[in-house]
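Participant: This is the structure I have questions about; it appears just below.
The values are calculated or read from the model by the stated rules, or taken from the named source; none is laboratory data. Keep in mind the model is a prediction, meaning the values are calculated, not measured. Here the Cβ positions follow ideal geometry from the backbone for every residue, glycine too, while neighbour counts run over all protein chains shown.
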Amino acid sequence: MKLTVATHVGFCFGVRRAVTETEKLLESGKAVCTLGPVIHNPQMVESLAARGARVVSSPEEVPPGATALIRAHGVGRAVIEALAARGADIADATCPFVKRIHALADEAAASGLRVLVVGAKEHPEVQGILGWSRGRGLAVETEADAALVPAGGKALVVAQTTITQERFDRVCAALKSRGLELDIRNTICQTTPVRQKEAIEIARQVDVMLVIGGRNSSNTRRLYELCRAICPRTYLAETAREIENIQINPRDHIGITAGASTPDGTFKEVVARMNDIKNQEQEELQETVAEPDFAAEYEKTLVQLRPGQTVTGKVVQITEDEVCVNVGYKADGLVKKSDLSTPDVKIDDEIEVEVVKVNDGEGNVLLSQRNIVNRKVWDAIVAAYDAGEIVKGVGKESVKGGLIADVMGIRAFIPASLLSLRYVEKIDEFVGQEMDLKIIEIDKSKKRVVASRKAVLQAEEEAKKAEAWEKLVEGEVVKGIVRRLTTFGAFVDIGGVDGLVHVSDLAWKRVGHPSEVVSVGQEIDVKIIKLDKERDRISLSYKATQPKLWDIAGEKYIPGTIVPGKVVRIVPYGAFVELEPGLDGMVHISQCAPTRIEKVEDAVNVGDEIRVKILSVDTEAKRISLSIKEALADDALETVEEDEFAIPEAPEA
């Protein structure tokens, strides 16, 4: 019997992340409910359930206060809102690749596009994507479904991450024939085609193909279907126990692969069991032919190593410069201490290492941990880029055109124009500074990274802006700070967003320039007149928070008092006198002079600064009656009284 084992097997990135998150929550003692099985593997689901992870089918089944874990498939916006409404803590383990599709669907639907999801209509991942499509989404499972899509118009096309490339291409071709203007995004997870391609290649070479994984896993079933189309003796098994019933001949060549929801332990158990069968058959064959070659048999039980291979071994010896690791090979492997990812290793520790050389010339296997760490870091950076996630970076050195930052040990270039929202004069100020960054470009072949701090700051500003908009209500009076003055008004910051106070809304009087009323940096109360979110405009009023001149005229101008004024207009029956900007009073011609006059100009002219006596104030009719004659009489009386009671000066000697 010959065995060929696939290398691309077991948990994909998203599934492993979801399972790990569930285990962490359980270890912390939290009550955990998973929206659907966290993994399409009954044995793993049972194991998690035994530790307290309860599987629910809807938000209504999640008890208030419990932690609701969203699995790698993701869910729609409505499900998240329903969980929040029930007071549940949400642990979002949505695969970053799926989350990126959610963002694409949400953005496209918001701009008015249809969202076409190529995939199984009832698959939870597809349902989750549709839940972010604002009611504009449609699942397209086959070419027949594509033929039913209304012709014409624009649409975004995305794919379920686990479908085949061939199926996606066929459905897209059918959609194009409908005369649609398509924005096609190939969102198939790249681990899927790699896994399927390897399984197909193995199936072509073998007599029996074993596909290990849960029967309710769509990607496992697809692997089974692809292999069975090539190798008729293809079997799907969930556990190692199930392979006992499979008819296998001693001369058969056996191939083994596994779906993305298959635990590592299950897959290894199957491989180990097949190895046992293989070894047992070889022993029986040798007993009938010749004495067994025990050295050869021992060699067969050892693992096969190749440069670049990643293996797990146990630390068996530690020297001053090196660590000796048993990797199940005929010779132990050596790792230089300088090449360890952490120096804190102990005897019997299990560590992951990469094979650098199988034989260094002295029979030793050379191993490395740093290569693995670098590769994992690079994979993490690529995953963050694909998911649009924010990463931490530290400025390292100023270079021509920008800044070099350290992101997880990888050098990233930040162009000067992307360092801040405004022009940066001294890039050196960012050296040594920790900052949040968004990776905007990756060259995988050269392992080059371009990042932006500006994108993060813009996103934060937009979030603050959105939060501020939610709190604004037309008609309310709010506090604000004057940020900028223009000829047509003043821009006022009202908590993260700017509104405009038009020059006509600054005061109840006529204003030539906003600086006559307010100044930059001044805190003022303003009334929200109008909110236009679509155009991102907020209209404010400052004068609406100030009392109208006529409302307080009765309190400010009391009949019988004498006040200064300025003649601003003359009519045949009298003169209008400005008491203050925006507030005029009327002096009838009979009150313009102590004696009778023929015309008003005989007493006063426009522009004269005079004193007038308040006769009456009618705030409802907006009228103030004034008198120059009585003001003059009162002034004369005051002068007479002062002279009458003055003490005469003593005569000179």
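Participant: Among the residues of the range 197-231, how many are part of a strand (DSSP E or B) and under 21 Å from residue 251 (Cα atoms)?
Facilitator: 4
Participant: Considering 260, 272, which residue is part of a loop (DSSP other than H, G, I, E, B) and of a type in the set (A, V, I, L, M)?
Facilitator: Testing whether each residue is part of a loop (DSSP other than H, G, I, E, B) and of a type in the set (A, V, I, L, M) leaves just 260.
Participant: Check whether at least one residue in the range 433-444 is touching a strand residue (DSSP E or B) at 6+ places or on another chain (Cβ under 9 Å) and either in the same structural domain as residue 540 (by TED's automatic domain parsing) or among the small types (Gly, Ala, Ser) (or both), and report yes or no.
Facilitator: Within the range 433-444, none of the residues are touching a strand residue (DSSP E or B) at 6+ places or on another chain (Cβ under 9 Å) and either in the same structural domain as residue 540 (by TED's automatic domain parsing) or among the small types (Gly, Ala, Ser) (or both).
Participant: Sticking with this one: Please determine, by comparing only the residues of the range 540-585 that are part of a strand (DSSP E or B) and among the small types (Gly, Ala, Ser), which one is surrounded by the most Cβ atoms within 10 Å (Cβ to Cβ).
Facilitator: Filtering the range 540-585 for residues that are part of a strand (DSSP E or B) and among the small types (Gly, Ala, Ser), the one surrounded by the most Cβ atoms within 10 Å (Cβ to Cβ) comes out as 575.
Participant: Quick one: which residue in 20, 34, 4 is in a strand (DSSP E or B) and either out of contact with any helix residue (DSSP H, G or I) (no Cβ under 7 Å at 6 or more places or on another chain) or surrounded by 20 or more Cβ atoms within 10 Å (Cβ to Cβ) (or both)?
Facilitator: 34
Participant: Give the residue, chosen from 171, 194, 157, that is under 30 Å from residue 258 (Cα atoms), modelled with pLDDT under 90 and not in a loop (DSSP other than H, G, I, E, B).
Facilitator: Matching residue, one of 171, 194, 157: 194.
Participant: Mind checking which residues of the range 586-623 are in a strand (DSSP E or B) and over 14 Å from residue 564 (Cβ atoms)?
Facilitator: Selection gives 586, 588, 615, 616, 617, 618, 623.
Participant: Out of 497, 526, 478, report the one residue that is surrounded by 12 or more Cβ atoms within 10 Å (Cβ to Cβ), in contact with a Lys or Arg (Cβ under 7 Å, 6 or more places away or on another chain) and not assigned by TED's automatic domain parsing to the domain that holds residue 629.
Facilitator: 497
Yes/no per residue for (1) small (Gly, Ala, Ser); (2) under 31 Å from the mean Cα position of the chain (by Cα):
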residue	(1), (2)
6	yes, no
18	yes, yes
35	no, yes
40	no, yes
50	yes, no
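Participant: Still on this structure, please answer the following. Pairs please, first residue from the range 226-250 and more than 18 Å from residue 265 (Cβ to Cβ), second anywhere and basic (Lys, Arg) and surrounded by fewer than 18 Cβ atoms within 10 Å (Cβ to Cβ), Cβ atoms under 6 Å, 6+ apart in sequence or on different chains.
Facilitator: 230/204; 234/228
Participant: Same structure again: Are there strands (runs of 3 or more DSSP E) fully within the range 46-140 with at least 2 residues that are surrounded by fewer than 23 Cβ atoms within 10 Å (Cβ to Cβ), in contact (Cβ under 8 Å) with a residue 40 or more places away in the chain and not assigned by TED's automatic domain parsing to the domain that holds residue 382? List them.
Facilitator: Where strands (runs of 3 or more DSSP E) fall fully within the range 46-140 and carry at least 2 residues being surrounded by fewer than 23 Cβ atoms within 10 Å (Cβ to Cβ), in contact (Cβ under 8 Å) with a residue 40 or more places away in the chain and not assigned by TED's automatic domain parsing to the domain that holds residue 382, they are 89-92.
Participant: Does the range 413-426 contain at least one residue that is modelled with pLDDT of 90 or more and among the charged types (D, E, K, R)?
Facilitator: no
Participant: Is it the case that some residue within the range 363-378 is farther than 26 Å from residue 456 by Cα, touching a residue at least 40 places away in the same chain (Cβ under 8 Å), in a loop (DSSP other than H, G, I, E, B) and β-branched (Val, Ile, Thr)?
Facilitator: Among the residues of the range 363-378, not one is farther than 26 Å from residue 456 by Cα, touching a residue at least 40 places away in the same chain (Cβ under 8 Å), in a loop (DSSP other than H, G, I, E, B) and β-branched (Val, Ile, Thr), which makes the answer no.
Participant: Residue pairs, Cβ under 6 Å, 6 or more apart or interchain, first in the range 505-524 and closer than 16 Å to residue 583 by Cα, second in a loop (DSSP other than H, G, I, E, B) and not aromatic (Phe, Trp, Tyr). List them.
Facilitator: From residues that are closer than 16 Å to residue 583 by Cα, the pairs are 507/517; 508/548; 508/582; 509/581; 509/582; 511/517.
Participant: Free of Cβ contacts under 8 Å to residues at least 40 places away in the same chain and not in a loop (DSSP other than H, G, I, E, B): is that true of residue 144 in this structure?
Facilitator: It is true that residue 144 is free of Cβ contacts under 8 Å to residues at least 40 places away in the same chain and not in a loop (DSSP other than H, G, I, E, B).
Participant: Within the bounds of the range 396-410, is there any residue that is of a type outside the set (Lys, Arg), in contact with a Phe, Trp or Tyr (Cβ under 9 Å, 6 or more places away or on another chain) and exposed (fewer than 13 other Cβ atoms within 10 Å of the Cβ)?
Facilitator: Within the range 396-410 (the criterion being of a type outside the set (Lys, Arg), in contact with a Phe, Trp or Tyr (Cβ under 9 Å, 6 or more places away or on another chain) and exposed (fewer than 13 other Cβ atoms within 10 Å of the Cβ)), the answer is yes, since at least one residue qualifies.
Participant: Does the range 166-195 hold any residues that are loosely packed, with under 15 Cβ neighbours inside 10 Å and among the polar types (S, T, N, Q), and which are they?
Facilitator: 177, 186, 190
Participant: Quick test for you: out of 237, 229, pick the one residue that is of a type in the set (Gly, Ala, Ser), at pLDDT 85 or above and touching a strand residue (DSSP E or B) at 6+ places or on another chain (Cβ under 9 Å).
Facilitator: 237
Participant: I've got another one for you. Which of (1) out of contact with any Ser or Thr (no Cβ under 7 Å at 6 or more places or on another chain); (2) at pLDDT 75 or above is the odd one out, the single condition residue 363 does not satisfy?
Facilitator: Here residue 363 clears every test but (2).
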